[in-house]
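This structure is in structure tokens; I'll ask about it shortly.
Values quoted throughout were computed directly from the atomic coordinates according to the rules given, and no laboratory measurement underlies them. The structure displayed is predicted, hence computed values, not measured ones. Using ideal geometry, Cβ is built from the backbone for each residue, glycine included, and neighbour counts are taken over all protein chains shown.
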Amino acid sequence: MTNIFKSAQEMSSALVAKEVSAVDLANEHFDRIEKVDGDVHAFLHLDKEGALAQARDVDAKRAAGEKLSPLAGVPLALKDVLTQKGIPTTCGSKMLENWRPPYDSTVVTRLKAAGVVILGKTNMDEFAMGSSTENSAYGPTHNPWDLSRIPGGSGGGSSAALAAFEAPLAIGTDTGGSIRQPAAVTGTVGVKPTYGAVSRYGLVAFSSSLDQAGPCARTVLDTALLHEVIAGHDPKDSSSINAPVPSVVAAAKKLDVKGMKIGVIKELGGDGFQKGVSERFNEALEELVKAGAEIVEVSCPNFEYALAAYYLIAPSEASSNLARFDSMRYGLRVGDDGSHGAEEVMSLTRQAGFGKEVKRRIILGTYALSSGYYDAYYGSAQKVRTLIMRDYEAAFAKADVLVSPTAPTTAFKIGEKADDPVAMYLNDIATIPVNMAGIGGMSLPCGLASEDNLPVGFQIMTPAMKDDLMYQVGGTLEAALNSKWGSPLMSQAPALGAK
Amino acid sequence: MALKYDDVVAKYEPTLGLEVHVELNTNTKMFCGCSTEFGAEPNTQTCPVCLGLPGSLPVVNEVAIESAIKIGLALNCSIAPFSRFARKNYFYPDMPKDYQISQYDEPICVNGYLDVEIDTDEGVKVFRVEIERVHMEEDTGKSLHVGGATGRIHGAEYSLLDYNRAGIPLMEIVTKMVPGTGKYAPQVARAYVTELRDILRSLGVSDVKMEQGSLRCDANVSLSPMGSGKLGTRSETKNVNSLRSVERAIHGEMIRQGNRLENGERIIQETRHFLEESGETRPGRSKETAEDYRYFQEPDLVPVAPDAGWIEEIRKTLPEKPSIHRKRLQEQWSVPDKEMAAMVNAELLDTVEATVNLGADPTKARSWWLGEVSRLANEKDVAPTELMTPAQVAEIIALIAAGELTDKLARHVVEGVVNGEGTPAQVIEKRGLKVVSDDSALMSAIEAAIAAQPDTAERVRSGNIPAAGALIGAVMKATGGQADAARVRELLLNHLGQGN
Ligand SMILES: [Zn+2]
């Protein structure tokens, strides 16, 4: 049981050197999951059979001397919002409890083609709506750093699986921070690529104009390796970018930021940010200065409206995207006892199948799109979106990349904000503008907050289609911090599981 | 005292509005690769995209865009350099996503027109129907309600859903309000839909079969008191499924509205259904409040921005307009107006043209199709084109021209072909329907006739030519109708010394 604490890149080397087989590596991870997931609850479904078949296939190909992708045989945890043929895809909802999609998402197609071993599907806030994974219909996921705390959301299952060493790689999706905020509070790395960099085909939509799948791992290089597997043009997704994928792996290995201008966004710091978060963030900035970067301050005055605009656009699109869950073709059906008409069955099903937060957003979005209100709400929110893009444009004119703390606080207690949606929404104050502008963003760990000894996330934002820059800065910062600490932050994570 | 149609149009001025939905005949659906073929087993032409499965995404069919541009150009529209799709949100079981992807405030074609000719009391008059927009959308699936008396969802025991039609590209062609048609409103409506259908057919973008639903019409009409200049409240009659019904629906609706207004009753803005049997309309399900479709831009699709060069390329490939085509044929064939109109009304112009293109004489082609073939089709209650092909009719006309068939024999051949006895040649062979063209065989029949009726022969010899009819009749009878009557006459008169 020594391989699970390695990085994906190290596992890959061990596989290439035939020090371990893909089958053994998968089994080591399944053993680990068995040992710790009772406490963590990162997974909703395990696909041992499929994973081992894929691992055997990779081993056979390697034995036959076939050329394999760098991540062939490396295990991965898949957020339960992406379809995988024949494997349950619940989106954390009762609505899809028994749904097995008849098709693979493009992300899964690419993972399979690269020989990545998909261990199972990870927990999430229902339909990706939430910042704590408490909104899952299947119970919360626990933060491996402190099991009484949230692992972030919506992709808390993926981030917790990484932090608990249940998988070295994970796929998340990020609509307003669902990759980056969980990465921040679990001490892992998560990237929301430029909108359109990774195909959305097979990603069950929450808010189509904001949703973006992305790679998650424990190191910047691992994240880059996964990024290159899943990114690239897909004719099945009209919003997919038809251009070469930036060389993010090479960028992650550069370890050089000399002469780069790093813009600190004034509005994403100070009041409302936990003291320990600000301290670690500022220390990380110092490391970048030592590495030769120049820090400049930039202002994005319209970010003030980002949260409000987000909570109009995302629910509006969600109200339409989630309409299809009407019991007619798949998923839950309630009231089909011959005494109800189709309309009533639809209504009863939606009443029973959706959780509280999902209903809240559907109602909010339906209202915002209603005739007579559209201009005031959805229309205005779209204008704010344009203003946020302009803010970024102006800021990127002054700096190569922009930075901020990823989340205003470290992981909070499970249940602490469950009854206060606005407090919950504020978790994403620093991540939402990135989605609104369609640019790229990364979160990587920058230490533990002094008050609670919990991980703090450092966010790097880059202009659209320049995702390589965040890997370059992130890789450099990670190396500097690791050498300062003497080992990666994850080595300080508490041990899990009964002995 | 109820108003009749003539009373209504004397007191009120109608304003028309027509919305036509056309299913395109692209091989694949609007947003996925599924086949669009009509009549397949239910739910066999579906995929994650057109079933709206979670995670699936639409991708626009390029051919559908091209068809939309063709339609727009043929209807004199401007083609938007930039147009978008939106979502029209409403719940219905036959809508896989519970929203329809449709163009809303940014359609692909705008501001066109179509001129139609109407035979009025003052002669042929041109009415211009202005077109507001042509937009693209996807069709819904089909519901089949089982049990219950009405075949509608209410009272049904259960319903079956077929999503084969879901996602088939639809074009919606919407006119502006059409004022000034007066008592000709029903004819203008029909002529517009007819002309539109012919244009779409000539463009090759749709099967335009109203009975299969590939062309559907919603007809709006309102009345305002003559000279008031105030627009009345309109009603919308949905899914009128034949050209004749378009005319009847407007006619019926004008009488209904006229009588309501006359009685001081209000016209309710509502959807109505056309009743084929009575020619009247009945109200659809009344809605307490207007439906709010919560339109917003479809975030899964990028804008449609056709290249100006591409539009010009398409313009160059447009076929001759049906109206111009008709005028050209009428001139070439020297057909009087009335007969041209008859051919158009019988929907046989294309068929006659095809027959002429196979070498037949235009007049003969027209008279066979509108005559014998139409008569038989009427008897069988089918379309003439279901009985014979242009090639078969052309073959028969050629045989007559070559003297191998008489008109009378040819009718037997047609009957044989219609009864499924094979091609004209096979029918001739099987039934032995050849003209007796052997003069010596005819001569012996003539001699026999003279021998049987010596008195009649004598009258002819002495100059009473009409008397020859009886002898000719006898010869025709003796040859079983297979002789060429003109040749018999010629030989007979020569024989009796009356030739030259
Ligand atoms: Zn399909």
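P(r) of the stretch A:2-95 in 5 Å steps, Cα pairs, percent per bin?
3, 13, 22, 21, 19, 13, 7, 2, 1, 0
Translational D (Stokes-Einstein, µm²/s) of the stretch A:298-433 at 37 °C and 0.692 mPa s when Rh comes from the Kirkwood sum over C-alpha pairs?
So the translational diffusion coefficient is about 187 µm²/s.
Take every residue in peptide B:168-176, count the Cβ atoms of other chains within 10 Å of its Cβ, and give the average of those counts.
Mean number of neighbouring Cβ atoms from other chains: 0.
Which FRET efficiency value, to the nearest 0.05, do you get for B:Met226 and B:Asp381 by plugging their Cβ-Cβ distance into 1/(1 + (r/R0)^6) with R0 = 51 Å?
For B:Met226 and B:Asp381, the calculated efficiency is 0.75.
Expressed as a whole percent, how much of the Cα-Cα distance distribution for the stretch B:380-500 exceeds 18 Å?
Summing the P(r) tail past 18 Å for the stretch B:380-500 gives 56 percent.
I need the calculated FRET efficiency for the pair B:Ala10 and B:His325, taking r as the beta carbon distance and R₀ as 30 Å, to the nearest 0.05.
The value I calculate is 0.20.
So for each of B:232-241, A:220-229 I average, over its residues, the number of other beta carbons within 10 Å; can you give me the resulting order with the highest mean first? The partial results should precede the final answer.
Details: B:232-241: 18.8, A:220-229: 26.4.
In decreasing order of mean packing, B:232-241, A:220-229 become A:220-229, B:232-241.
With angles folded into 0 to 90 degrees, how steeply does helix B:407-418 sit against the dominant principal axis of chain B? Use alpha carbons for both and round to 10.
Its long axis makes an angle of about 40 degrees.
From the backbone phi of the stretch B:10-20, what are the Karplus-calculated ³J(HN,Hα) couplings (6.51 cos²θ - 1.76 cosθ + 1.60, θ = phi - 60°) in whole Hz, Gly and Pro given as x?
Using θ = phi - 60°, the values come out as 6, 9, 10, 10, x, 10, 9, x, 10, 10, 10 Hz.
Using alpha-carbon pairs under 8 Å, 6+ residues apart, how would you state the relative contact order of the stretch B:320-431 in percent? The partial results should precede the final answer.
Numbers: 81 pairs, mean separation 21.2, N = 112.
Relative contact order for the stretch B:320-431 comes out at 19 percent.
What area, in nm² and to one decimal, does the C-alpha convex hull of the stretch B:439-495 cast on average over all directions? Each step should come with its number before you reach the end.
Details: hull surface 12.9 nm².
Averaged projected hull area, Cα only: 3.2 nm².
Quickly estimate the mean residue ellipticity at 222 nm for chain B, helices only: each DSSP H run with n ≥ 4 gives -39500 (n - 2.57), and the total goes over all residues, rounded to 500.
Calculated at 222 nm, the ellipticity per residue is -11500 deg cm²/dmol.
Counting partner chain Cβ atoms within 10 Å of every residue's Cβ in A:22-31, what's the average?
0
Given points 7 Å out from each Cα along the Cα-Cβ axis, report the A:Ser491 to A:Ala352 separation in nanometres with one decimal.
5.4 nm
How about A:Lys67: which lysines have a C-alpha closer than 18 Å to its C-alpha, ignoring those fewer than 8 places off in the same chain?
The qualifying lysines are A:Lys18, A:Lys112.
How big is the C-alpha Rg of chain B next to the rule-of-thumb value 2.2 N^0.38 Å, as a ratio?
Details: Rg = 29.8 Å, N = 500, 2.2 N^0.38 = 23.3 Å.
Normalised Rg, Cα atoms only: 1.28.
So if R0 is 45 Å, what FRET efficiency would B:Glu41 and B:Asn345 give, r being the distance between their Cβ atoms, rounded to the nearest 0.05?
0.75
Identify all aspartates and glutamates with a Cα-Cα distance to B:Lys380 below 16 Å; exclude those on the same chain that are fewer than 8 residues away in sequence.
B:Glu372, B:Glu415
Using 0.36 nm per residue, how much length does the chain from A:Glu344 to A:Ser299 gain when fully extended, once their Cα-Cα distance is taken away?
Computed gain between A:Glu344 and A:Ser299 is 11.1 nm.
Quick check: residue separation of B:Ala441 and B:Thr271 times 0.36 nm, minus the Cα distance between them. What number comes out in nm? Let's see the in-between values first.
Numbers: separation 170, 0.36 × 170 = 61.20 nm, distance 7.28 nm.
The B:Ala441-B:Thr271 span can extend by a further 53.9 nm.
Compute the helix-to-body angle for B:243-262: its Cα long axis versus the longest principal axis of chain B, expressed 0 to 90° and rounded to tens.
Between the helix axis and the principal axis of chain B, the angle is about 60 degrees.
Excluding A:Gly155 itself, what net charge comes from residues whose Cβ is under 10 Å from its Cβ, given Lys and Arg +1 and Asp and Glu -1?
For residues surrounding A:Gly155, the net value is -1.
Turning to a different aspect of this structure: Just add up the charged neighbours of B:Pro81: K/R +1, D/E -1, any other residue whose Cβ is under 14 Å from the Cβ of B:Pro81.
-2
Additional query: Magnitude of the Cβ-charge dipole of chain B, K/R +1 and D/E -1, about the Cα centre, nearest 20 debye?
Computed charge dipole of chain B: roughly 700 debye.
What distance in nm separates the two pseudo spin-label positions at A:Asp256 and B:Ile465, each 7 Å out from Cα along the beta-carbon direction?
Computed distance between label sites A:Asp256 and B:Ile465 equals 11.4 nm.
Let me ask another. Report, as an integer, the average count of C-beta atoms from other chains found within 10 Å of each Cβ along B:54-65.
Whole-number average of other-chain Cβ neighbours for B:54-65 is 6.
In the P(r) worked out for the stretch B:320-431, what percent of Cα pairs fall beyond 16 Å?
The answer is 57 percent, as a whole percent.
How much net charge surrounds B:Leu24 when only other residues with a Cβ under 15 Å from its Cβ are counted (Lys, Arg +1; Asp, Glu -1)? Kindly include the intermediate steps, with their values, before the conclusion.
On the way: positive: B:Lys29, B:Lys70, B:Arg165, B:Arg197, B:Arg201, B:Lys209, B:Arg216; negative: B:Glu23, B:Glu37, B:Glu62, B:Glu66, B:Glu137, B:Glu138, B:Asp139, B:Glu172, B:Asp207.
Summing Lys/Arg as +1 and Asp/Glu as -1 gives -2.
Separate question: Report the Rg/Rh value for chain A, based on alpha-carbon coordinates and the Kirkwood definition of Rh. Walk me through the intermediate numbers first.
Working: Rg = 21.4 Å, Rh = 22.4 Å.
Radius of gyration over Kirkwood radius for chain A works out to 0.96.
For the cross-link pairs A:Lys413/A:Lys466; A:Lys85/A:Lys417; B:Lys142/B:Lys183; B:Lys125/B:Lys209; B:Lys70/B:Lys364, which exceed 32 Å when the distance is taken from alpha carbon to alpha carbon?
Distance filter (> 32 Å) returns A:Lys413/A:Lys466; A:Lys85/A:Lys417; B:Lys142/B:Lys183; B:Lys70/B:Lys364.
How much of the pair distance distribution for the protein assembly as shown lies past 39 Å, counting alpha-carbon pairs only, in percent?
57 percent
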